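Data block below; observations after.
The values are calculated or read from the model by the stated rules, or taken from the named source; none is laboratory data. Given the structure is predicted, the values throughout are model-derived calculations rather than measurements. Here Cβ is always computed from backbone atoms with ideal geometry, including for glycine, and neighbour counts include all displayed protein chains. Ligands, DNA and RNA are excluded from the accessible area calculation, which covers all protein heavy atoms including side chains. Shrake-Rupley method; radii C 1.70, N 1.55, O 1.52, S 1.80 Å.
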Amino acid sequence: SAVISQKPSRDICQRGTSLTIQCQVDSQVTMMFWYRQQPGQSLTLIATANQGSEATYESGFVIDKFPISRPNLTFSTLTVSNMSPEDSSIYLCSVTGSGTQYFGPGTRLLVL
Amino acid sequence: AQSVTQLGSHVSVSEGALVLLRCNYSSSVPPYLFWYVQYPNQGLQLLLKYTTGATLVKGINGFEAEFKKSETSFHLTKPSAHMSDAAEYFCAVSEGVRLNTGKLIFGQGTTLQVKP
């Protein structure tokens, strides 16, 4: 199984600012995924991050709002830009391994 | 396109009673199916998964689920609920064959309450 860590675990931010979330995996993986869980809602995939190429975004998500970096096979960052209260969510990093999708502990973001 | 429906956003059972959380899916390809649990203020933990083979899948903490293709269902059960089972439960289906996209489609979740 993959062990995934995220930083920060939680944050409170002011609207208009940006926050970068880090994801670290304990093994090399080809693809990393970023999900969002809005309050009281289920999980929705934001984008897929491959090392060495631009991230692929799902419908409703754009690179200007959620830029992603993937500098190596064990690390990725997601930035939530120009935040508004609607961005208050849990952001989860995820990887695939052994026919299973593993999730990090999540970053709990509150935007005031 | 795949979709997942969890019947009942809230389920309440007494401690020691049977737990049944319902999940129905739609998929145009043989699905990979998952149940995840999310405890308060924690991330997602995999309970169990179905990929191929035996349709009755056993997971952690005494949970099991049965894949019924004819009913497009993957209901989660536990014979005897424990207080520590109180959590949010998510059913998910993989989009794409053999999880090659890494994308899961999640149901809306079911909150399990266990009463003493």
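If one puts a single equal scatterer on every Cα of the stretch A:44-112 and applies the Debye formula without solvent, what log₁₀ I(q)/I(0) results at q = 0.15, 0.24 Å⁻¹?
-0.52, -1.26
Net charge within 12 Å of residue B:81 by Cβ-Cβ distance, Lys/Arg positive one each and Asp/Glu negative one each, not counting residue B:81 itself?
0
If you build a Gaussian network model of chain B, linking Cα atoms that sit under 10 Å apart, which residue out of B:29, B:13, B:37 swings the most?
B:29
Give me the percent of accessible area attributable to carbon and sulfur for chain B, probe 1.4 angstrom. Mind showing how you got there, number by number?
On the way: 2870 of 5450 Å².
That share works out to 53 percent.
What are the ³J(HN,Hα) values, in whole Hz, obtained from phi via the Karplus relation 6.51 cos²θ - 1.76 cosθ + 1.60 with θ = phi - 60°, for each residue of the stretch A:28-35 in sequence order, with x given for Gly and Pro?
Running phi through 6.51 cos²θ - 1.76 cosθ + 1.60 with θ = phi - 60° gives 6, 9, 6, 10, 10, 10, 10, 10 Hz.
Determine how large the accessible area of residue A:11 is when every protein chain is in place; take a 1.4 Å probe and give Å² rounded to the nearest 10.
Rounded to the nearest 10, that gives 60 Å².
Sum up the charges of everything whose Cβ sits under 12 Å from the Cβ of residue A:105, counting Lys and Arg as +1 and Asp and Glu as -1, but leave residue A:105 out.
Around residue A:105, the surrounding residues sum to +3.
Ignore the peptide's own chain and count Cβ atoms of other chains within 10 Å of each Cβ in A:44-52; give me the average, rounded.
Mean shielding count: 1.
Rank these residues by their accessible area, most exposed first, probe 1.4 Å: A:79, B:5.
Result of the area sort, largest leading: B:5, A:79.
What is the list of residues in the stretch A:58-95 whose amide nitrogen lies under 20 Å from a point 7 angstrom out from the Cα of residue A:51, following Cα to Cβ?
A:68-79, A:93-95
All other residues with a Cβ under 13 Å from the Cβ of residue A:91 taken together, and with Lys, Arg as +1 and Asp, Glu as -1, what is their net charge?
+3
In what sequence, largest accessible area first, do B:10, B:75 appear using a 1.4 Å probe?
Numbers: B:10 135, B:75 40 Å².
Descending order: B:10, B:75.
Ignoring everything but the protein chains, give the 1.4 Å probe accessible area of residue B:46 in square angstrom, nearest 10.
50
Which of these, A:51, A:24, A:41, has the largest mean-square fluctuation under a Gaussian network model of chain A (Cα springs below 10 Å)?
Maximum among the listed residues: A:41.
With a Förster radius of 35 Å, plug the Cβ-Cβ distance of residue B:71 and residue A:108 into 1/(1 + (r/R0)^6) and report the FRET value to the nearest 0.05.
Working from the Cβ atoms, E equals 0.45.
What aspartates and glutamates could a cross-link reach from residue A:65, if we take a straight Cα to Cα line under 14 Å and drop same-chain neighbours fewer than 8 places away?
Once the sequence-local aspartates and glutamates are set aside, what remains near residue A:65 is A:86, A:87.
Please check which bits of the stretch B:59-86 a label hung off residue B:41 would reach, taking the label as a point 7 Å along Cα-to-C-beta and the cut-off as backbone N under 19 Å.
The answer is B:84-86.
Below 27 Å, Cα to Cα, which lysines can residue B:115 reach? Residues fewer than 8 away in the same chain don't count.
Cross-link targets: B:58, B:78.
For the residue pair residue A:9 and residue B:60, what label-to-label distance in nm results when each label sits 7 Å from Cα along the Cα-to-beta-carbon direction?
1.7
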